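*Asks:* Structure in structure tokens, see below.
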Amino acid sequence: MVIGLLQGVGNHAEKVVGHPIPWMWIPNGVTLEDYPETSFHVKGDVFNVAYTGAHGIPNSLDTALDAALILQEIGEDRIHFNFTGDGVNKNELIRIASEKGLRNVKFFKPVPKSSIPSILSNADALLLLFKQTDLYHDGLSPNKMFDYLAASRPVIMAVDSPHDPIAQANAGVSIPPEDPQALADAILHLSKLPAAERQAMGERGRAYVMEHHDMKGLAAKLANALHVLAGK
């Protein structure tokens with residue numbers, strides 16, 4: 001039996017070996033107890049767009065900087081971007097932000113995993129961006145996606161994949177990857193929605209992870225699979 005993190009793992013494995021095989025999808029998940037349910041609180045005129053995690057090439061944060069410039073140039077100064085984390089591209093991203101004169105972008109140092117729920121709960125929208133690539137054709141399972149959904153905040157997802165949990169859960173906005181204008185438009189759209197509508201998106205996301213990605217349920221599913229394989 002093949003056990004994999006991606007929804008399309010079975011189809012991919014069968015293409016590789018050339019015949020049907022038993023397989024099971026057990027994705028990454030989240031410990032929901034780490035993410036108490038929180039409501040939106042309107043914070044004056046600021047709309048906080050947050051990203052937490054690696055600052056590397058696959059994370060496409062340069063697209064976010066281009067979107068930040070678009071929003072700044074049309075006078076949407078109330079929209080702020082906050083990036084928390086580290087990675088091989090961080091210094092370059094800081095340089096680009098300075099070169100573009102971005103007043104709406106801030107970079108923060110990495111924090112312990114235990115601090116992530118607080119950061120996410122203070123955001124109005126969360127970013128999950130990828131590069132344009134065929135890599136995600138069989139699915140994707142980044143840990144931060146489930147953290148984002150558990151935090152009950154709308155997610156802006158930019159990925160080229162038939163497997164899009166944000167769209168499946170109706171928990172945010174899905175856009176093409178590496179498209180700064182589409183990203184700026186999505187952020188602007190969310191910023192103009194009533195807080196109650198954004199809250200509803202977040203609640204649908206949390207309900208989705210409760211059903212499909214709660215770590216306790218995933219552990220039980222894996223344990224059952226291993227018992228079957230062991231013949232018990």
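The values are calculated or read from the model by the stated rules, or taken from the named source; none is laboratory data. This one's a predicted model, so the numbers in the text were calculated from it and none came from an experiment. No Cβ is skipped: glycine too gets one built from the backbone with ideal geometry, and neighbour counts run over all protein chains shown. Ligands, DNA and RNA are excluded from the accessible area calculation, which covers all protein heavy atoms including side chains. Shrake-Rupley method; radii C 1.70, N 1.55, O 1.52, S 1.80 Å.
*Asks:* Please provide three numbers in whole Å: the alpha-carbon extents of segment 1-131 along the principal axes, with the largest listed first.
*Replies:* Projected onto the principal axes, the Cα atoms of segment 1-131 cover 56, 35, 27 Å.
*Asks:* Output ³J(HN,Hα) for segment 155-167: one whole-Hz value per residue in order, computed from phi by the Karplus curve 6.51 cos²θ - 1.76 cosθ + 1.60 with θ = phi - 60°, and x for Gly and Pro.
*Replies:* Karplus values, whole Hz, x for Gly and Pro: 10, 9, 10, 10, 7, 9, 7, x, 10, 10, x, 5, 5.
*Asks:* Can I ask one more? For segment 39-132, what is the accessible area per residue in Å² when the probe is 1.4 Å?
*Replies:* 48
*Asks:* If packing is taken as the average count of other Cβ atoms within 10 Å, what order do 69-79, 120-130 fall into, highest mean first?
*Replies:* Ranked from most to least packed, the peptides come out as 120-130, 69-79.
*Asks:* Could you tell me the number of lysine pairs in segment 26-162 with C-alpha atoms less than 19 Å from each other, where the two lysines are 8 or more residues apart or belong to different chains?
*Replies:* 10
*Asks:* When all alpha-carbon pairs of the chain are counted, what percent fall beyond 26 Å? List each step's numbers first, then the result.
*Replies:* Numbers: 10579 of 26796 pairs.
That fraction is 39 percent.
*Asks:* Same structure, new question: Of all the accessible heavy-atom surface of segment 93-199, with the other protein chains kept in place and a 1.4 Å probe, what percent is carbon and sulfur?
*Replies:* Taking all protein chains in place, segment 93-199 shows 53 percent carbon and sulfur surface.
*Asks:* Here is a follow-up. For segment 133-215, take N as its residue count and report Rg(C-alpha) divided by 2.2 N^0.38 Å.
*Replies:* Against the empirical 2.2 N^0.38 Å value, I get 1.07 for segment 133-215.
*Asks:* How do His212, His163, His189, His55 rank by accessible surface area computed with a 1.4 Å probe, from largest to smallest?
*Replies:* In descending accessible area the options line up as His189, His212, His163, His55.
*Asks:* Now, a different point. Any chance you could look up the accessible area of Leu226 with a 1.4 Å probe, heavy atoms only, rounded to 10 Å²?
*Replies:* Rounded to the nearest 10, the figure is 90 Å².
*Asks:* Continuing with the same structure: With the chain treated as a Gaussian network of Cα nodes joined by springs under 10 Å, which of Asn143, Asn48, Asn170 yields the largest mean-square fluctuation?
*Replies:* Maximum fluctuation in the GNM of the chain, among the listed residues, is at Asn143.
*Asks:* Another question, then. With the cut-off at 1.5 for a/c, could you classify segment 88-168 from its C-alpha gyration tensor as rounded, prolate or oblate? Walk me through the intermediate numbers first.
*Replies:* Values: a/c = 1.96, a/b = 1.26, b/c = 1.57.
Judged from the Cα gyration tensor, segment 88-168 comes out oblate (a/c at least 1.5, b/c at or above a/b).
*Asks:* Under 16 Å from the Cα of Lys221, which aspartates and glutamates turn up, not counting those fewer than eight places away in the same chain?
*Replies:* Glu211
*Asks:* If you don't mind, there's one more thing I want to ask. Compute the accessible area per residue over segment 149-232, keeping the other protein chains in place, probe 1.4 Å, unit Å².
*Replies:* Computed with neighbouring chains in place, this is 46 Å² per residue.
*Asks:* A follow-up question, please. Check Met24: other-chain or 5+ apart residues with amide H under 5 Å from its amide H, H built from backbone geometry?
*Replies:* Sorted by chain and number, the residues that satisfy this are Val2, Ile3, Gly4.
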